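First the structure, in the form of structure tokens, and then the observations on it.
All of the numbers you see were taken from the coordinates with simple rules; none came from a lab. Note that the structure is predicted; figures quoted are calculated from it, not measured. So basically every Cβ, Gly included, is an ideal-geometry build from the backbone, and we count neighbours across all protein chains shown.
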């Protein structure tokens, strides 16, 4: 033992420790996948066996009777309520091959939150991001609670475009900026006073940077505050600068207390072009600019061509909006998008 140094012992220990940790992680993944698929098979078995029973009351009684036997033999995980969860699970995720792939990273506790999202497109959105961004159950519930899908740029696209984006992500293609850009951003955690300045907002964001990054979305990394941008004899200062690892792009953020003004676009264009020329590293995509403002006029946004460019205009809300407000905004955005889509199709057909 005297011939062994502390360094040798530590190296051997760390190596074995890593082997054990990897084995535990692998075992946990195997257990999670097995449980998830077992619940899906149970849901399928119940659905198939009960498909001929037209009476809801009879189905209820049969499930209750089966659950009593299962609980007596296998424990409380097979209550009547859970059996109906399993049936719902099978109903909304009917593709066994796809589910098996998802179960590598998404546990039953994730699916338990996902299966009761009624809109299939919205459910697919959360499912894909759970898989690709490795969300914990807690993060998933927070994202659903804050109505993340309805606040992404993606939700403002026609349904066919949303499905195309989700299918591309499922097939392994890079994530789209529309899936990571929010509108509005909910900054309720900042606890701002009733009267505050842009510098107050900026300071509050920096004080609560961790939660602010969570609201922006995963993979955002803080780079700088008041980033100096020197052009000719003038110095300009960008409020906040981030980097998005998955998009491989710098993200410039300007904070505006008032509603969006056309002049804000010119200011952000200047910043984005400067970052593209002087700060962008090899292999990175062109920077994106986000103008966080108190409000905006969608017609003005469309006229300025800001829907699909590198500059994104988003509202921020200092308290979580209610479902009705977000639903109204979503429907308004969808209607507008469909009208634009119809106009484009008409123009193409008349050329």
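Residues in the range 105-123 near a label at residue 23, defined as backbone nitrogen under 20 Å from the 7 Å Cα→Cβ point?
Correct set: none at all.
Taking 0.36 nm per intervening residue step and subtracting the Cα-Cα distance, what contour gain separates residue 280 from residue 297 on full extension? Write out the running numbers ahead of the final one.
Details: separation 17, 0.36 × 17 = 6.12 nm, distance 3.12 nm.
Working it through step by step, the gained length comes to 3.0 nm.
Rounded, prolate or oblate, given the Cα gyration tensor of the range 1-112, with a/c below 1.5 counting as rounded? Don't skip to the answer; put the middle values down first.
Details: a/c = 5.60, a/b = 2.89, b/c = 1.93.
Taking the square roots of the gyration eigenvalues as a ≥ b ≥ c, the range 1-112 is prolate.
Does the range 26-81 classify as rounded, prolate or oblate by the C-alpha gyration tensor (a ≥ b ≥ c root eigenvalues; a/c under 1.5 gives rounded; else a/b over b/c gives prolate, otherwise oblate)?
Note, shape of the range 26-81 comes out oblate.
Taking a ≥ b ≥ c as the square roots of the Cα gyration tensor eigenvalues, with a/c under 1.5 meaning rounded and otherwise prolate when a/b beats b/c, else oblate, which class fits the range 1-52?
Values: a/c = 13.56, a/b = 9.36, b/c = 1.45.
Verdict is prolate for the range 1-52.
Using alpha-carbon positions, what is the distance between the centroids of the range 13-74 and the range 257-301, in Å?
49 Å
Obtain the nm distance between the two label points defined at residue 109 and residue 9 by a simple spin-label model: each point lies 7 Å from its Cα along the Cα-to-C-beta direction.
Those two pseudo-labels are separated by 3.7 nm.
According to a simple spin-label model (label point 7 Å from Cα along Cα-to-Cβ), what is the distance in nm between residue 84 and residue 35?
Each label point lies 7 Å from its Cα, and together they span 2.2 nm.
What FRET efficiency, computed as 1/(1 + (r/R0)^6) with R0 = 45 Å and r the Cβ-Cβ distance, is obtained for residue 59 and residue 246, rounded to the nearest 0.05? Let's see the in-between values first.
Numbers: r = 44 Å, r/R0 = 0.99.
The value I calculate is 0.50.
Full-extension gain between residue 52 and residue 263, please, as 0.36 nm times their residue separation minus the C-alpha to C-alpha distance.
Details: separation 211, 0.36 × 211 = 75.96 nm, distance 6.48 nm.
Extra length available between residue 52 and residue 263 comes to 69.5 nm.
Could you tell me the calculated FRET efficiency between residue 73 and residue 136, based on Cβ-Cβ distance and R0 = 25 angstrom, to the nearest 0.05? Intermediate values should be presented prior to the final figure.
On the way: r = 32 Å, r/R0 = 1.28.
Rounded to the nearest 0.05, the efficiency is 0.20.
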